[in-house]
Amino acid sequence: MSADLHRLGAAELGRRLAAGDLTARALAEHLLARAAAHRDLGAFNSLDADDTLRQADASDARRRAGAALGPLDGVPVAVKDNLAVRGQPLTCSSRMLAGFVSPYDSAVADRLRAAGAVLHGRLNMDEFAMGSSTETSATGLARNPWDPSRTPGGSSGGSAACLAAGLAPLALGTDTGGSIRQPASHCGLVGLKPTYGLVSRFGLVAFASSLDQVGPMARSTEDCRLLLRALAAPDARDMTCLPADARAPRALPSGRKPRLGVPRRLLEGVAPAVRAAFETAMAFYRADGCEVVDIELPHSELAVPAYYVLAPAEASSNLARYDGVRYGHRAADASGIEDLMSRSRAEGFGPEVKRRILLGTFVLSAGFADAYYGKALRARALIREAHLAALAGVDAIATPTVPTAAFRLGEKSADPVQMYLEDLFTIPANLAGLPALSVPVGSDGALPVGLHLVGAPLAEEALLDLAARFERAHALAHRVALP
């Protein structure tokens with residue numbers, strides 16, 4: 001059996017499984033051994049080897065019976081620890097949910113089981129997805145496989161570290177303000193935030209419900225596309241999920257050159273190496289037959305402040321359910337119901353989650369809601385209008401994914417504002433509900449750098465096609481950081 005199975009992409013693994021050149025059990029055993037050898041990366045919160053092997057054996061049995069379920073049958077997909085998988089821990093990397101086991105499957109878990117995929121472990125993350133470095137996790141740090149002294153990004157940092165280290169070929173992330181795309185950039189991966197409503201949020205532990213999306217992370221555009229197609233489907237259990245008749249994909253134009261729009265005014269302050277990688281990518285697209293034009297995105301300066309009003313406001317509401325009464329952490333020896341709730345929340349939540357709950361409660365409070373929350377909603381509408389207007393003239397908006405390469409662990413943890421600015425380029429797509437993709441385009445020394453592409457609603461396939469052009473020309477698919 002090849003010692004390099006972890007370097008193969010999901011599509012290639014699926015082909016080998018279908019051809020009988022590989023068994024799902026052999027693949028699972030290889031990846032389990034690799035995960036055990038790299039525990040120090042902190043990618044997984046938990047990994048049930050017996051469960052992974054049971055699923056792999058079931059896949060092999062289906063293939064022997066001639067009843068394989070498709071190209072993902074037997075392919076492991078690692079799952080972020082805020083997505084419900086029946087019988088598995090569901091902790092959101094928080095003390096508040098330590099020991100909690102999900103009694104049901106999320107919609108995306110249902111979809112993956114229907115495709116025959118092996119649901120492979122629970123991935124580390126920032127607590128309740130609130131963070132940009134996975135340093136707010138109550139279960140311990142996740143580390144960047146390209147340089148373990150640096151962050152893999154967040155909040156889907158465990159997903160990114162897992163893929164970059166070759167511990168799984170595919171992973172699920174969630175993205176509220178950049179939590180798929182920023183770690184994808186920091187770890188040299190392809191990460192896609194779908195159009196809001198394309199993938200069901202049923203079974204996703206809510207942070208900010210009008211912004212949250214589940215999406216695919218992979219080491220190539222081909223694999224990212226494969227996983228997206230498995231995930232995207234109508235679901236009546238999520239009232240925001242798009243119905244079947246509202247899902248027509250938007251393709252690249254057939255009668256003219258693809259056109260990329262660059263908001264040059266927003267690139268000020270980008271690190272020199274990141275800016276150089278971005279400009280090299282734009283030069284490539286010009287040479288490859290695309291038009292690259294300058295555009296304006298008015299109101300962009302409102303994105304980060306609007307987000308950090310709206311997301312905490314929704315978090316304050318969503319996290320009110322963790323009260324020490326029904327489930328989750330419960331303080332001992334409480335003197336009454338108010339004391340129980342107060343102490344349970346004080347003990348169960350970490351500092352960043354508390355900060356956002358307090359901020360969200362303040363901006364929703366009487367006398368302040370219109371001054372802050374109402375204005376943030378109006379800013380959000382302006383940002384969406386500006387992006388849709390720009391996208392009427394271009395096929396994608398292009399920027400760096402993150403202003404810098406991965407920073408050192410601890411470097412920004414004392415300054416929340418600097419951490420929040422990690423999502424400068426990624427937040428607008430969440431506010432506008434648009435699809436957005438990060439794809440590797442270069443490096444700052446040994447550290448990967450990503451290109452960020454934002455498209456019109458349902459333009460996921462077009463974004464992947466654009467990204468695949470650069471990926472093919474520069475052999476950036478399927479890179480693994482560790483031997």
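The values are calculated or read from the model by the stated rules, or taken from the named source; none is laboratory data. What you see is a predicted model; the values in this text were computed from it and never measured. Positions of Cβ are generated from backbone atoms using ideal geometry, with glycine treated the same way; all protein chains shown enter the neighbour counts.
The single condition among (1) modelled with pLDDT under 95; (2) surrounded by 20 or more Cβ atoms within 10 Å (Cβ to Cβ); (3) acidic (Asp, Glu) that residue 370 does not meet is (2).
State whether the residues of the range 227-238 include one that is of a type outside the set (Phe, Trp, Tyr) and without any contact (Cβ under 8 Å) to a residue 12 or more places away in the chain. Reasoning before the result, please.
Going residue by residue through the range 227-238, those that are of a type outside the set (Phe, Trp, Tyr) are 227-238.
Filter once more, keeping what is without any contact (Cβ under 8 Å) to a residue 12 or more places away in the chain: 229, 236.
Within the range 227-238 (the criterion being of a type outside the set (Phe, Trp, Tyr) and without any contact (Cβ under 8 Å) to a residue 12 or more places away in the chain), the answer is yes, since at least one residue qualifies.
Mind telling me which of the residues 363, 402 ends up being under 30 Å from residue 351 (Cβ atoms), assigned to a helix (DSSP H, G or I) and not assigned by TED's automatic domain parsing to the domain that holds residue 157?
Details: 402 fails: assigned to a helix (DSSP H, G or I).
Every option except 363 fails the conditions.
For the range 237-278, residues that are under 19 Å from residue 454 (Cα atoms), surrounded by 17 or more Cβ atoms within 10 Å (Cβ to Cβ) and not β-branched (Val, Ile, Thr) total 10. Residues in the range 105-152 that are within 24 Å of residue 219 (Cα to Cα), surrounded by fewer than 24 Cβ atoms within 10 Å (Cβ to Cβ) and of a type in the set (S, T, N, Q): 149 only. Considering the range 399-426, and only residues there that are among the aromatic types (Phe, Trp, Tyr) and modelled with pLDDT of 95 or more, the residue that is surrounded by the most Cβ atoms within 10 Å (Cβ to Cβ) turns out to be 425.
Out of 234, 263, 249, report the one residue that is farther than 30 Å from residue 76 by Cβ and not hydrophobic (A, V, I, L, M, F, W, C). I'd like the intermediate steps shown before the answer.
On the way: 234 fails: farther than 30 Å from residue 76 by Cβ; 249 fails: farther than 30 Å from residue 76 by Cβ.
Unique residue meeting the criteria: 263.
Any residue at all in the range 391-398 that is surrounded by fewer than 19 Cβ atoms within 10 Å (Cβ to Cβ), at pLDDT 95 or above and not β-branched (Val, Ile, Thr)? Yes, there is a match, as at least one residue in the range 391-398 is surrounded by fewer than 19 Cβ atoms within 10 Å (Cβ to Cβ), at pLDDT 95 or above and not β-branched (Val, Ile, Thr).
On the given criteria, is residue 102 crowded, with 24+ Cβ neighbours inside 10 Å and over 17 Å from the mean Cα position of the chain (by Cα)?
Working: crowded, with 24+ Cβ neighbours inside 10 Å: no; over 17 Å from the mean Cα position of the chain (by Cα): yes.
No, not satisfied.
Please verify whether the range 402-416 includes one or more residues that are in contact (Cβ under 8 Å) with a residue 60 or more places away in the chain, within 21 Å of the chain's Cα centre (by Cα) and closer than 26 Å to residue 255 by Cα. No, the range 402-416 has no match at all. Scanning the range 280-317 for residues that are in a helix (DSSP H, G or I) and small (Gly, Ala, Ser) yields 281, 283, 287, 300, 303, 306, 311, 313, 315, 316, 317.
Give just the number: which of (1) hydrophobic (A, V, I, L, M, F, W, C); (2) in contact with a helix residue (DSSP H, G or I) (Cβ under 9 Å, 6 or more places away or on another chain); (3) in a helix (DSSP H, G or I); (4) buried (at least 17 other Cβ atoms within 10 Å of the Cβ) does residue 320 not satisfy? Evaluating residue 320 over (1) hydrophobic (A, V, I, L, M, F, W, C); (2) in contact with a helix residue (DSSP H, G or I) (Cβ under 9 Å, 6 or more places away or on another chain); (3) in a helix (DSSP H, G or I); (4) buried (at least 17 other Cβ atoms within 10 Å of the Cβ) leaves (4) as the failure.
Quick one: count up the residues across the range 193-224 that are in a loop (DSSP other than H, G, I, E, B) and of a type outside the set (Ser, Thr, Tyr). Step through it out loud before you land on a result.
To start, the set of residues in the range 193-224 that are in a loop (DSSP other than H, G, I, E, B) comprises 194-203, 205-212, 219-220.
Okay, now just the ones that are also of a type outside the set (Ser, Thr, Tyr), so 194, 197-199, 201-203, 205-208, 211-212, 219.
Residues that pass the stated criteria total 14.
The residues of the range 449-463 that are crowded, with 24+ Cβ neighbours inside 10 Å, hydrophobic (A, V, I, L, M, F, W, C) and closer than 14 Å to residue 391 by Cβ, listed by number, are 453, 454, 459, 463.
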